[in-house]
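S.K.: Dumping the structure here so I can ask a few things about it.
What follows is calculated from the coordinates using simple rules that are stated; it is not laboratory data. All figures in this text were calculated on a predicted structure; none of them were measured in a lab. For neighbour counting, all protein chains shown are included, and Cβ atoms are generated from backbone atoms with ideal geometry for every residue, glycine included.
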Amino acid sequence: MADSREDEIYSTMFSSLKHPVRRKILRMLGNKPMTFMEMVEELGVSTPHLTYHLDSLGDLVSKLDNNQYKLSAFGLATINAMKGVEEVHEIEPKRHGPTFKWKTISAALIIAVVLLAGVAELQSANVNQVLASKQSLLQENQQLMSWGMGDDSAERFIENVTQINTTNYSISALPSTLQYRTDFGGVTEGNIQYSLTSLTSNLKIAVRFRDNHFSRYELDMIESSPIFSQVQADNVLQNAKNILANYKVYSGDAYLTNMSDLLANVTSINNTNNPDIVQGNMKLQIVVSGGTVNFNWMYTQNGIDYQAKGLQMTFQNNVLTILQDGYFLFTVGNTNLATSQEWALNTAETYVKTMTYTIEGQKVSGFNVVKEPLSVQLVPRPRGDSVALIPYWYVELGLTSIYAGGYNEVAIGIYADTGQVADVQLLTASA
């Protein structure tokens, strides 16, 4: 139990150190105790925002009987860690950017001070256990520093791009993750989640960042639609144009200008068929299905659409529920389409008839496929641990029998530049 408690406190410390508002709160309370409204006035934030940040500071802050807030012993330890790094930074010669060595030294300083403070406070704790956690804490802090992104990036996206009025909500931070995506060549990926609750609306928001760049936003409208800070357009096309303009200001990426130019050419959307729009190597597809409208921008070259290298917006009843950007991350590995759709279909059918597949621990062979394929798509994807997209056939076939687990379909993935069968997976028919 002691280890779990310590891990929770250390996690709170690092979360606070990487967030500018929480660092400011710690500095303010390091000078003197303050009331809630004194902090609101000093910080210039809304009361829901301050409540959210105080909750996030956890055991670093305590409340006195006179309703003033002050730093706990762990809050003081966190302040000492901040001062230690800042003092070293002041005497260090200025550089264009921090080196990996400097990041490591800074991380070590933070952890050394925190560990010493923690040992002093937790006199009854096992010192050896605390010291044994140093390596894992060092790794966590290096990850945070290499990530280079705090919660404020997600908050700015929510407030400035989606224009959800966060001041009308009580905000709670949900479990977040930080990992290295080795399958994308070691890109750092952070996922941040929030719960937003008001008297009339209940939302769950997830924001993902890859390589220090916004990657995905997803909104779950648990109860009612969001409360916005500005009046939203009454048609989805204008709403999409506004969101894209907001995102362009937030991100600043040049490719968003090309995407905006494509969308500017669209004057209306119908419910049946919307023609693709192409300018240079950029394509825009708009698909309508009931109350859902998808806007998909993608890189295209030599007749191959690289969907992953693109931007997607999904609106449900004129509310943005998904915005995903992979254009900045993925590259084009090659445009060599050495195999045709017909060749891919024939290859997939032959492969299935001769393959052996393990189902519930038993090896099964003798598969047969129905005459008409379910789908044959050209969907470029990476090969190996890379972000370079390679032309790739994705073939779905129906099976003539139903196997254990309800499997009655099979998907075959074939690299279109080499003809290599890369993936095989049995599927169950969609309900």
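S.K.: What list of ³J(HN,Hα) couplings, whole Hz, do you get for the stretch 315-325 from phi and the Karplus terms 6.51, -1.76, 1.60, once you set θ to phi - 60° and write x for glycine and proline?
M.R.: Along the stretch 315-325, the couplings run 10, 10, 6, 6, 10, 5, 10, 9, 9, 10, 10 Hz.
S.K.: Could you work out how far apart the two model spin labels at residue 360 and residue 180 are, taking each label as a point 7 Å from the Cα in the direction of the beta carbon, and quote it in nm?
M.R.: 4.1 nm
S.K.: So for each of 404-410, 287-293 I average, over its residues, the number of other beta carbons within 10 Å; can you give me the resulting order with the highest mean first? Don't jump to the answer; show the numbers that get you there.
M.R.: Details: 404-410: 15.9, 287-293: 13.1.
With the highest mean Cβ count within 10 Å placed first, the list reads 404-410, 287-293.
S.K.: By per-residue mean of other Cβ atoms within 10 Å, what is the highest-first order of 269-280, 204-215?
M.R.: 204-215, 269-280
S.K.: Something else: Could you work out the Rg to Rh ratio of the stretch 290-431, with Rh taken as the Kirkwood radius (inverse of the mean 1/r over all Cα pairs)?
M.R.: Details: Rg = 17.3 Å, Rh = 16.9 Å.
We get a ratio of 1.03 for the stretch 290-431.
S.K.: Now, a different point. Evaluate the charge dipole of the stretch 270-391 about its Cα centre and quote only its size in Debye, nearest 20, assuming +1 on the Cβ of each Lys and Arg and -1 on the Cβ of each Asp and Glu.
M.R.: The calculation lands at about 140 debye.
S.K.: Tell me the net charge near residue 311. Cut-off is 12 Å between Cβ atoms, residue 311 excluded, with +1 for each Lys or Arg and -1 for each Asp or Glu.
M.R.: Details: positive: 216, 248, 283, 309; negative: 253, 325.
With Lys, Arg at +1 and Asp, Glu at -1, the neighbours total +2.
S.K.: Tell me the Rg and the Dmax, in Å, that the Cα atoms of the stretch 208-314 produce.
M.R.: In order Rg, Dmax, the Cα atoms of the stretch 208-314 give 14.5, 45 Å.
S.K.: Given 20 °C and 1.002 mPa s, how large is the Stokes-Einstein diffusion coefficient of the stretch 151-330 in µm²/s, with Rh as the Kirkwood radius over Cα pairs?
M.R.: Answer from the Stokes-Einstein relation: 125 µm²/s.
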